[in-house]
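Here the structure comes first, spelled out in structure tokens, and everything after it is commentary.
The values are calculated or read from the model by the stated rules, or taken from the named source; none is laboratory data. Remember, it's a predicted structure, so these values are computed and weren't measured experimentally. Note that each Cβ is placed from the backbone with ideal geometry, even for glycine, and that neighbours are counted across all protein chains shown.
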Amino acid sequence: MEKLAELISVSRKIVIKIGSNVLSDGDGLVDNETVRSIVAQVNFLMKNGKQVILVSSGAGICGVGAINKWNRREDINYRQALCAIGQVELMLAYKKCMMEYGLHVGQMLLTGEDFNDSNRNLNIRNTLFTLVDEGVVPIINENDSVSVEEIKIGDNDMLAANAAALWNADLLVLMSDIDGLFDKSPKENDDAKLIKEIYDIHGLVGSIDIGKKSEFGTGGIMTKISAAKLMNKYSIPTVLLNGKQKDILIRAMDEKVEATIFLGEAMHSSR
């Protein structure tokens, strides 16, 4: 996809969101090969002059992997406890892989309330700029162990969009386990067609079948559309692609890969 290669080429500040369904294997545990692939892509981008922020789900599945006896518990306190345990495992997985490239990571756990407070907004922004300017890779996740309904962002697609807006990013990449946005769920319909470029984001909802959300994630295709809508307000393009495919961002620079690019009318007319 030539436009994707162009977007990556001209973008200096890139936010990459990795969903739980990307990081998990068929048993709902962490897929370490995928983590290594993501880190290799981050290193590639940084070596090519890009600044990168990661927004990573996966604390829940890492918690299950670390202490499997709670994996069937639906109580909110157990789920939050699993996330507290799993967040440590998640960061260790990233740190171990990043160290192979001489990269350091910094953890930021946020809630919806943080983005609604001007002082916290400023502190988030300052921390992000400091970490990135010093070559440290910020890894953001929602603070699931303390979040309650009133302050919960709800999914990391919107968390990534909020971070991208706050950081004034050039590009938001949403990594899922599908190749992009289809007119209907490709997991449930063999005749589903990939929509490669989208300019009328607000007219999407009534024209597609959104299907079901992931078993391991909290989002779904609607949250990705919502994130793209927010990015459209800031004229930040959004890309949805399959993060399970090895080195997809690296390959996108030289070969055609499947993806959906959300541009919006204003960005379309200016490109």
- Message: Which count do you get for residues in the range 102-130 that are closer than 22 Å to G58 by Cα and either among the hydrophobic types (A, V, I, L, M, F, W, C) or at pLDDT 95 or above (or both)?
- Response: 11
- Residue within the range 51-74 that is buried (at least 21 other Cβ atoms within 10 Å of the Cβ) and assigned to a loop (DSSP other than H, G, I, E, B) present: yes
- Return only the number of the condition from (1) crowded, with 17+ Cβ neighbours inside 10 Å; (2) part of a loop (DSSP other than H, G, I, E, B); (3) modelled with pLDDT of 80 or more that S226 does not satisfy. (2)
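Rundown of residues vs (1) farther than 28 Å from I261 by Cα; (2) acidic (D, E); (3) surrounded by fewer than 22 Cβ atoms within 10 Å (Cβ to Cβ), yes/no style:
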site	(1), (2), (3)
F115	no, no, yes
I140	no, no, no
V146	yes, no, yes
N168	no, no, yes
N189	no, no, yes
- So, of the residues in the range 229-258 that are part of a loop (DSSP other than H, G, I, E, B) and of a type in the set (S, T, N, Q), which turns out to be nearest to A169 (Cα to Cα)? S235
- Could you list, in sequence order, all residues of the range 191-210 that are modelled with pLDDT of 90 or more and outside any loop (DSSP other than H, G, I, E, B)? L194, I195, E197, I198
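Residue-wise test of (1) among the aliphatic types (A, V, I, L, M); (2) touching a helix residue (DSSP H, G or I) at 6+ places or on another chain (Cβ under 7 Å); (3) at pLDDT 85 or above.
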| residue | (1), (2), (3) |
| --- | --- |
| D179 | no, no, yes |
| N189 | no, no, no |
| K212 | no, no, no |
| I236 | yes, yes, yes |
| I261 | yes, yes, yes |
- What tally of residues in the range 1-24 results from selecting those that are of a type in the set (G, A, S) and more than 17 Å from the chain's Cα centre (by Cα)? 2
- Item | Residues that are assigned to a helix (DSSP H, G or I), surrounded by fewer than 21 Cβ atoms within 10 Å (Cβ to Cβ) and not hydrophobic (A, V, I, L, M, F, W, C), drawn from the range 1-33 | E2, K3, E6, S9, N32, E33
